[in-house]
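Have a look at the structure below before the remarks.
The values are calculated or read from the model by the stated rules, or taken from the named source; none is laboratory data. Everything quoted here is computed from the prediction, not taken from an experiment. Counting neighbours? That spans all protein chains shown, and the Cβs are built from the backbone with ideal geometry, glycine included.
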Amino acid sequence: MSEKTSNNTLSLDCATLTGWCVAVETRVTEWGEIKLKQGELDLWKFLSNITAKYKVTRIVAESIFLSKNVKTFQRLANYHGVLNLYCQLHNIELITKGYQPTEWKRALIRDPFASKDKIKDYINKRLRTCIQSDNITDAIAILFVWLKRQCSK
């Protein structure tokens, strides 16, 4: 088995409509979203394709949290189970600790309760683009927080 030489990161904002972003080394290269019509199966297929395409060595994903909707929490818990298993089987580092919405929003723009629009505006200005999806901009924001934390180590 060959040694992994890349240092590429996949960032995820898991939901039925999952936002994702890839950084090759430390440069954001691609982003998008995927609708998980078949839930866990679609997530597994997506992870298989994207991690192979970019030789991903780490995944940073928003932590799951229980808000008011138990069904949403259960679905997110299932997605995180898929993430955990996939990463274990493919020797990919999985980082979720410290990435609850209030944590990564505070780290990004010092506002733990920032609105989706505020995050979207910040990301679009920083990348000089016009991404409309909250899911994509959240995934990019999570990646930026991870990169920021790496620089401060």
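Here is the figure for the range 96-115: residues that are of a type outside the set (Gly, Ala, Ser), surrounded by fewer than 15 Cβ atoms within 10 Å (Cβ to Cβ) and part of a loop (DSSP other than H, G, I, E, B) total 5. Across the range 82-95, the qualifying residues are those that are assigned to a helix (DSSP H, G or I) and free of Cβ contacts under 8 Å to residues at least 40 places away in the same chain, and the one among them that is surrounded by the fewest Cβ atoms within 10 Å (Cβ to Cβ) is Leu89.
Of all residues in the range 3-39, those satisfying the criterion of being more than 25 Å from Leu76 (Cα to Cα), outside any strand (DSSP E or B) and free of Cβ contacts under 8 Å to residues at least 60 places away in the same chain are Glu3, Thr5, Ser6, Asn7, Glu25. Looking across the range 111-153, the residues that are charged (D, E, K, R) and under 20 Å from Arg27 (Cα atoms) come down to Lys120, Asp121, Lys125, Arg126, Arg128, Asp138, Lys148, Arg149, Lys153.
Under the condition of being assigned to a helix (DSSP H, G or I) and in contact with a strand residue (DSSP E or B) (Cβ under 6 Å, 6 or more places away or on another chain), the residues counted in the range 116-136 number 2.
The residue list Lys71, Lys105, Lys148 contains one member that is among the basic types (Lys, Arg), modelled with pLDDT of 95 or more, out of contact with any Gly (no Cβ under 8 Å at 6 or more places or on another chain) and on the phi < 0 side of the Ramachandran plot, which is Lys105. Just checking, does the range 58-69 include any residue being in contact with a His (Cβ under 9 Å, 6 or more places away or on another chain), closer than 20 Å to Gly81 by Cα and either in a strand (DSSP E or B) or aromatic (Phe, Trp, Tyr) (or both)? Within the range 58-69 (the criterion being in contact with a His (Cβ under 9 Å, 6 or more places away or on another chain), closer than 20 Å to Gly81 by Cα and either in a strand (DSSP E or B) or aromatic (Phe, Trp, Tyr) (or both)), the answer is yes, since at least one residue qualifies. Using the structure shown, decide if Ile59 is surrounded by 15 or more Cβ atoms within 10 Å (Cβ to Cβ) and modelled with pLDDT under 95. Considered against the rule, which asks whether it is surrounded by 15 or more Cβ atoms within 10 Å (Cβ to Cβ) and modelled with pLDDT under 95, Ile59 comes out as no. Please find, within the range 24-43, the residue that is nearest to Arg149 (Cα to Cα) out of those that are hydrophobic (A, V, I, L, M, F, W, C) and in contact with a helix residue (DSSP H, G or I) (Cβ under 6 Å, 6 or more places away or on another chain). Within the range 24-43, the match that is nearest to Arg149 (Cα to Cα) is Trp31.
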